[in-house]
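Q: Below you'll find the structure I mean.
The values are calculated or read from the model by the stated rules, or taken from the named source; none is laboratory data. In this text, all values refer to a predicted model and were calculated from it rather than measured experimentally. So basically every Cβ, Gly included, is an ideal-geometry build from the backbone, and we count neighbours across all protein chains shown.
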Amino acid sequence: MEYEVLYRPSYSLLKIKLRQGEAVSAEAGAMVSMSSSIEIKTAAKGGIFGALKRSVLGGESFFVNTFMAADSGEVTFAPTLPGDIHALELKGQSFYAQSGSYIASSPDIQVDTKWGGAKTFFSREGLFLLKMTGTGSVFLSSYGAIHEINLEASQKYIVDTGHMVAFAEGVGYSVKRVGGLKSTLFSGEGLVCELTGPGKIFIQTRSADAFLAWLIPQIPKKE
């Protein structure tokens, strides 16, 4: 499998070339185009229970599409929002991603939900993170560009929850308010995620929450 990310970082398109017999799994609705030699199989990956966990708890689609090359060809994918696509190469590792960031992966990558517990109870991104484990490629999307940060051991870093994309297993995290209650309500920042190294983290340069907060008041109201 060969891949290329085109038109980044604003309107990224993921192009994957598959040799005969190769396959790639993708979130339902992420496919943009494909060669006529590519076949699609749709299934509740991980069984009904696993699919329900991803759909109800992780914010992902119930079904996962697998694109199989009957002969050599290509398939392209794009995220819902305008932004970047980043490829992670996992070698028996695990990464955690916020709901909605996952686009596609090698068929051997396991995608499951991880309970965030009280750490993410007040997070705007929900109670669950997606856990991606195995060996192969994982493709994540963002709203805006993706910025990579390498944290040293015990190094702490604070990110607005609406800008989180993913982080490596081993990175500690907790969600908390910015300052006191007044700061949380009136500073325009609200809740942040405090991450503790070592490990890589990925953030996005735009926030869907911030965009909606700007957009909704601009929509004309019916009289």
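Q: For segment 196-223, give me each residue that is touching a residue at least 40 places away in the same chain (Cβ under 8 Å) and polar (S, T, N, Q).
A: The answer is THR196, GLN204, THR205, SER207.
Q: May I ask you to list pairs of residues, at least six apart or on different chains, whose Cβ atoms are under 8 Å apart, with the first in segment 1-23 being without any contact (Cβ under 8 Å) to a residue 12 or more places away in the chain and of a type outside the set (Gly, Ala, Ser) and the second being buried (at least 17 other Cβ atoms within 10 Å of the Cβ) and outside any strand (DSSP E or B)?
A: The qualifying pairs are LEU6/SER12.
Q: Do we have ILE85 as β-branched (Val, Ile, Thr) and modelled with pLDDT under 80 here?
A: Judged against the criteria, ILE85 is not a match.
Table: residues versus (1) at pLDDT 90 or above; (2) within 30 Å of GLY21 (Cα to Cα); (3) of a type outside the set (Lys, Arg); (4) touching a strand residue (DSSP E or B) at 6+ places or on another chain (Cβ under 7 Å).
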| site | (1), (2), (3), (4) |
| --- | --- |
| TYR102 | yes, yes, yes, yes |
| TRP115 | no, no, yes, yes |
| LEU130 | no, yes, yes, yes |
| LEU140 | yes, yes, yes, yes |
| LYS156 | yes, no, no, yes |
| LYS176 | no, no, no, yes |
| GLU189 | no, no, yes, yes |
| GLY199 | yes, no, yes, yes |
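Q: Exactly one of these conditions fails for LYS41: (1) touching a strand residue (DSSP E or B) at 6+ places or on another chain (Cβ under 6 Å); (2) of a type in the set (D, E, K, R); (3) surrounded by 12 or more Cβ atoms within 10 Å (Cβ to Cβ). Give me its number.
A: Going through the list (1) touching a strand residue (DSSP E or B) at 6+ places or on another chain (Cβ under 6 Å); (2) of a type in the set (D, E, K, R); (3) surrounded by 12 or more Cβ atoms within 10 Å (Cβ to Cβ), LYS41 breaks only (3).
Q: Taking the conditions exactly as written (within 29 Å of ALA145 (Cβ to Cβ) and at pLDDT below 90), does VAL64 satisfy them or not?
A: In short, yes.
Q: Right, another one. Within segment 67-76, is even one residue at pLDDT below 85 and touching a strand residue (DSSP E or B) at 6+ places or on another chain (Cβ under 7 Å)?
A: So far as segment 67-76 goes, no, none of its residues is at pLDDT below 85 and touching a strand residue (DSSP E or B) at 6+ places or on another chain (Cβ under 7 Å).
Q: Let me confirm something: among GLY172, GLY126, GLY136, which residue is under 26 Å from SER10 (Cα atoms), touching a Ser or Thr at 6+ places or on another chain (Cβ under 7 Å), of a type outside the set (S, T, N, Q) and at pLDDT below 95?
A: GLY126
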